[in-house]
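Comments concern the structure below.
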Amino acid sequence: MALTDTQIKNTKPREKPVKLTDGGGLYLEVRPTGAKLWRLRYRINHRENLFAIGSYPEITLVGARAESAAAKKLIRAGTHPSRERKLNRVKREAEDANTFEAVAREWLAHNSDRWIARSLTQRTNALQRYVFPEIGKFPIRQVSPAHLLAITKDIEKHAPTMAALMSQCIGSVFRYAMATLRAASDPSQVLRGSLKQRETAHHNAFSRADLAEFLVKTEASGSAETANRIGLRLALLTLVRSTEIIGAKWDEIDIDGALWRIPSARMKMRQPHTVPLSDQALRLLTSLRINKQGEFLFPNKRNPGRPASKGLFWKAMAGMGYTKSFSPHGIRATGSTHLNEMGFRNEVIERQLAHKERNKTRASYNHAEYLDERRAMMQTWADYLDSLKAGRNVTPIRKMPGR
C-alpha cells in the first residue's frame, strides 16, 4: 500500500528503525533519532544495492517518487544512481572552478609577468566592471556569442575604445581556456566585425619649423606648469614613452653616470632599458631635483607617494594649443624621423626607442654595445634641438659612408 503524507507525519520514532514502504523498492526509514530518510532498494547484476535519496521533509513524498523514477531509468541502463550523482557533483564542482571569471583571473595572472603594471590594472579593472557582472559566474563552456555581443555592444555605446579592448581580452581568455583544455572553441571569433572600425590615430612627426615652435612654447610655459614643461622636454631629449617618464623614480637616475635605468616592470616590452642622458637632460633633472618630493620625478600633487596622472602631458599639450595636431606619442615619431634623416643607424635609433627587435639573431646580442653610440647620438640630438630653439639654420648630419 502506497504511503501518504499523513502516515509519514504521524509516524513517531521508536527504539528500532521503522520502514514505511511506498512500493517499487522505495521506502522511508524512520530512525530512533527522529531522522526520516528516503531509500531505494534495487538490483544490478543480481546484486542488491541501496540508494540514499535524501531526507524528509527536505524531499517530500512527491519528490522522493520523482527521484526514484529517475534513478530506475539509470538502473535499467546498468548505472548505479549513487555513482551518477557523484559524477554530476564532480562536474558541477569543475564547472564552478572553470567559470569565465575563474579562467579570466588565471589568464591575468598567467600574463602578469610580461605586462607592465598599468596594462594589468587596466585589464583587471575593465573585466571586473564590464564583463564579470554579466558572465563571470557562467561555466566558460556555456558562454555564447550572444552573451559576448550584448556585452561589447553595450560598452561600445559610451566607450568604443574600451569595447575593442574587452573584445580582445575576452578572445584571449577563451584561447587560454582552449589551450588548457577547458573550452572547445572561442565564441568571440564569430563576432569579428561586429564593432565599428575606428580610424587609426597616427602620431605625426613635427617638421623642423614645427619642432622649433614647439620648443619655444615649452620654454615659455608658465611657472605653474614647470613640471609639465620639464616632462615634455625630457621626453623629447630621451624619446622614452610618456608613461615611462611619468612613472620615473629618482633611484633609476644615475646623475654621475649620465644614465637612466628603467626596470623591466615599467617597460612595455618587459625588458630593462638603459637611457643615456645628454648634458641638457641632466640639467633638466638637476633643476627638477631642487624641488624633489618623494621617490617620483613627477609626483601626484594630491598624493606624492604616487606618480602624476597619465593625462599630465596631454593637458600640457592642450595648454599649448596641440589638441589635435600633435600628441605626446608624436614626440617619439618626431625623434625617429629626424634621427634617421640625420644619418644615424636604424638599429641604434630603434634601441633608443626600446622597440622590440624583430631579428632574433640580432636580438640575442647584448644591446649594451649600442650604448656609446646612443650616447653620442642623443647628445647630437640635444644640441640639434638647442639650435632649433635658438633659431639657427641647422643642417642635419648626413649619413656617413660605412655607418
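Taking each residue of segment 120-147 that is at negative phi and looking for partners that are among the β-branched types (Val, Ile, Thr) and surrounded by fewer than 16 Cβ atoms within 10 Å (Cβ to Cβ) with beta-carbon atoms closer than 7 Å, six or more apart or interchain, yields Pro145/Val190. Taken over segment 228-275, the criterion of being farther than 18 Å from Ile349 by Cα, among the polar types (S, T, N, Q) and touching a Ser or Thr at 6+ places or on another chain (Cβ under 8 Å) is satisfied by Asn228 alone. Under the condition of being more than 12 Å from Gly25 (Cβ to Cβ) and surrounded by 13 or more Cβ atoms within 10 Å (Cβ to Cβ), which residue from segment 56-65 is farthest from the chain's Cα centre (by Cα)? It comes out as Leu61. Being of a type outside the set (S, T, N, Q), under 17 Å from Arg374 (Cβ atoms) and open to solvent by 30 Å² or more (accessible area, probe 1.4 Å) is true of Pro272. Considering only segment 297-310, I want to know if a residue exists there that is modelled with pLDDT under 80, touching a helix residue (DSSP H, G or I) at 6+ places or on another chain (Cβ under 6 Å) and of a type outside the set (Lys, Arg). No, segment 297-310 contains no residue that is modelled with pLDDT under 80, touching a helix residue (DSSP H, G or I) at 6+ places or on another chain (Cβ under 6 Å) and of a type outside the set (Lys, Arg). Evaluation of Thr226 against the conditions (1) open to solvent by less than 40 Å² (accessible area, probe 1.4 Å); (2) at pLDDT below 90; (3) within 30 Å of Ser287 (Cα to Cα); (4) polar (S, T, N, Q) shows that the sole unmet condition is (1). Just to be sure before I move on: is Gly402 open to solvent by less than 40 Å² (accessible area, probe 1.4 Å), at positive phi, assigned to a loop (DSSP other than H, G, I, E, B) and at pLDDT below 90 in the structure I sent? Spelling it out, it is not the case that Gly402 is open to solvent by less than 40 Å² (accessible area, probe 1.4 Å), at positive phi, assigned to a loop (DSSP other than H, G, I, E, B) and at pLDDT below 90.
Scanning segment 341-351 for residues that are surrounded by fewer than 15 Cβ atoms within 10 Å (Cβ to Cβ) and not in a helix (DSSP H, G or I) returns a single hit, Gly343. Taken over segment 291-300, the residue count meeting the criterion of being under 27 Å from the mean Cα position of the chain (by Cα) and not hydrophobic (A, V, I, L, M, F, W, C) is 3. Of all the listed residues (Ala333, Ala354), the sole one being aliphatic (A, V, I, L, M), in a loop (DSSP other than H, G, I, E, B) and either at pLDDT 80 or above or in contact with a Pro (Cβ under 6 Å, 6 or more places away or on another chain) (or both) is Ala354. I'm trying to understand the selection: among the residues of segment 150-165, which are closer than 17 Å to Phe132 by Cβ and not in a loop (DSSP other than H, G, I, E, B)? Within segment 150-165, Ala150, Ile151, Thr152, Asp154, Ile155, Met162, Ala163, Leu165 meet the criteria.
Rundown of residues vs (1) modelled with pLDDT of 85 or more; (2) part of a helix (DSSP H, G or I); (3) loosely packed, with under 14 Cβ neighbours inside 10 Å, yes/no style:
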site: Gly171; (1), (2), (3): yes, yes, no
site: Phe174; (1), (2), (3): yes, yes, no
site: Lys196; (1), (2), (3): no, no, yes
site: Thr200; (1), (2), (3): no, no, yes
site: Ala212; (1), (2), (3): yes, yes, no
site: Gly231; (1), (2), (3): no, yes, no
site: Leu234; (1), (2), (3): yes, yes, no
site: Gly257; (1), (2), (3): yes, no, yes
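For segment 66-109, a residue qualifies if it is open to solvent by 70 Å² or more (accessible area, probe 1.4 Å) and touching a Phe, Trp or Tyr at 6+ places or on another chain (Cβ under 8 Å), and the qualifying residues are Glu67, Glu106. Pairs under 9 Å by beta carbon, first residue closer than 13 Å to Asp279 by Cα in segment 377-392, partner open to solvent by 60 Å² or more (accessible area, probe 1.4 Å), six or more apart or different chains? Matching pairs, first to second residue: Met377/Arg345; Gln379/Asp279; Thr380/Ile397; Ala382/Asp279; Asp383/Asp279; Tyr384/Ile397; Asp386/Arg392.
Test Lys153 against the criterion of being farther than 29 Å from Ala265 by Cβ, free of Cβ contacts under 8 Å to residues at least 60 places away in the same chain, surrounded by fewer than 16 Cβ atoms within 10 Å (Cβ to Cβ) and touching a Ser or Thr at 6+ places or on another chain (Cβ under 6 Å), and give yes or no. Here the answer is no, as Lys153 does not meet what is asked. Annotation: Ser112 fulfils all but one of (1) open to solvent by less than 20 Å² (accessible area, probe 1.4 Å); (2) at pLDDT below 90; (3) of a type outside the set (Phe, Trp, Tyr); the unmet one is (1). Among the candidates Ala376, Ala368, Ala363, the residue that is at pLDDT 85 or above and among the hydrophobic types (A, V, I, L, M, F, W, C) is uniquely Ala376.
On the basis of being loosely packed, with under 13 Cβ neighbours inside 10 Å, within 30 Å of Leu297 (Cβ to Cβ) and at pLDDT below 90, does Ser207 make the cut? Here the answer is yes, as Ser207 does meet what is asked.
The values are calculated or read from the model by the stated rules, or taken from the named source; none is laboratory data. Treat the numbers as computed from the prediction; the structure is a model and nothing was measured. When we count neighbours, we look across all protein chains shown, and the Cβ atoms used for this are built from the backbone with ideal geometry, even at glycine. In case anyone asks, the SASA skips ligands and DNA or RNA and just uses the protein heavy atoms, side chains included. Shrake-Rupley method; radii C 1.70, N 1.55, O 1.52, S 1.80 Å.
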